[in-house]
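The values are calculated or read from the model by the stated rules, or taken from the named source; none is laboratory data. Only a predicted model underlies this, so the values are computations on that prediction, with no experimental measurement involved. A quick note on method: Cβ atoms are made from the backbone with ideal geometry, for glycine too, and the neighbour counts reach across all protein chains shown. Note: accessible area is taken over every heavy atom of the protein model, side chains too, but ligands, DNA and RNA are not part of it. Shrake-Rupley method; radii C 1.70, N 1.55, O 1.52, S 1.80 Å.
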Amino acid sequence: MREYFLKSERLGFSVWTEDDLDLARSLWGSPDVTKFICATGVFSDEDIKARLSLEISNYEKYGVQYYPLFDLESGEFAGVGGFRPYDLDKNIYEMGIHLRKPFQRGGYGTELAKTAIKYAFEVKGFDALFAGHHPNNEGSRALTKKLGFTYTGDEFYAPTGLYHPSYILKK
């Protein structure tokens with residue numbers, strides 16, 4: 001059974017380990033998830049391994065990652081949500097969410113984001129959160145606005161090769 005350091009109403013936040021490669025494959029191996037986060041729309045197995053390694057490294061170096069999330073009732077892996085460094089000099093972290101298809105469009109994104117934002121400001125002490133999304137990802141656009149993020153302009157995002165709408169949420 002997974003241990004959770006944080007819970008929302010339906011989701012438990014855990015921490016990635018080297019033993020989680022199959023979970024990482026079930027998420028980042030799905031075009032339903034990756035179509036908006038890389039130029040090809042799909043991650044290779046090497047990309048998935050590198051992403052898992054990055055998340056583990058971010059936790060070791062910065063105490064944050066895109067945390068693996070689990071449905072509290074079923075124990076099913078739902079996806080990830082959390083943070084990565086963005087502008088450390090200004091104490092700004094990027095917030096991101098990647099949900100597996102069964103957990104998309106069911107309010108899970110809003111639920112986990114609200115929980116993560118509270119954790120970011122009240123526990124981690126971040127001064128602000130950055131968020132960006134693929135220009136064609138209307139769900140993410142709506143969620144950032146719903147959460148109170150302020151549009152700051154478009155930023156180039158190398159993994160997709162596109163300029164992504166970008167936002168800031170201050171403490």
Review point. Does a label point 7 Å from the Cα of Ala39, set along Cα-to-beta-carbon, have any residues of segment 142-171 with amide nitrogen under 19 Å, and which are they?
Key: 155-165
Exercise for review: Could you tell me which of Ala158, Ala120, Ala24 has its Cα farthest along the dipole of the chain towards the positive end, charges placed at Cβ (Lys, Arg +1; Asp, Glu -1), taken about the Cα centre?
Suggested key: Ala120
Review point. How much accessible surface does Lys118 have with a 1.4 Å probe, in Å² rounded to 10?
Key: 120 Å²
Revision key, fill the gap. Under the helix-only model (-39500 (n - 2.57) for each DSSP H run of 4 or more, divided by the residues of the chain), the mean residue ellipticity at 222 nm, to 500 deg cm²/dmol, is -9500 deg cm²/dmol
Check your understanding: Name the residues of segment 70-94 whose amide N is less than 18 Å from a point 7 angstrom out from the Cα of Asp127 along the C-beta direction?
Key -> 84-94
**Study point:** For segment 159-168, Karplus couplings with θ = phi - 60° (6.51, -1.76, 1.60), whole Hz, Gly/Pro x
**Key:** x, 9, x, 10, 8, 9, x, 10, 9, 10
**Study point:** Pair Asn136, Tyr163: separation of 7 Å Cα→Cβ label points (nm)
**Key:** 1.8 nm
Revision key, fill the gap. Taking the alpha-carbon centre of each part, the distance from segment 17-47 to segment 128-171 in Å is 21 Å
Point to revise | Residue-count net charge about Val64 - beta-carbon cut-off 11 Å; Lys, Arg +1, Asp, Glu -1 | key: 0
Study note, to complete from the structure: Once the in-chain neighbours fewer than 8 apart are removed, the lysines whose Cα is under 16 Å from Lys35 read Lys101
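Just tell me, in residue order, which DSSP H segments of the chain are both 20 angstrom or longer along the helix axis (alpha-carbon based) and at least -0.5 in mean Kyte-Doolittle hydropathy.
Helix filter hits for the chain: 108-122.
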Revision key, fill the gap. For His164, the residues 5 or more places away or on another chain with a placed amide H closer than 5 Å to its own amide H are Glu155, Phe156, Tyr157
Study note, to complete from the structure: Total charge of the residues flanking Asp45 in space, meaning their Cβ is under 13 Å from its Cβ, with Lys and Arg +1 and Asp and Glu -1, is 0
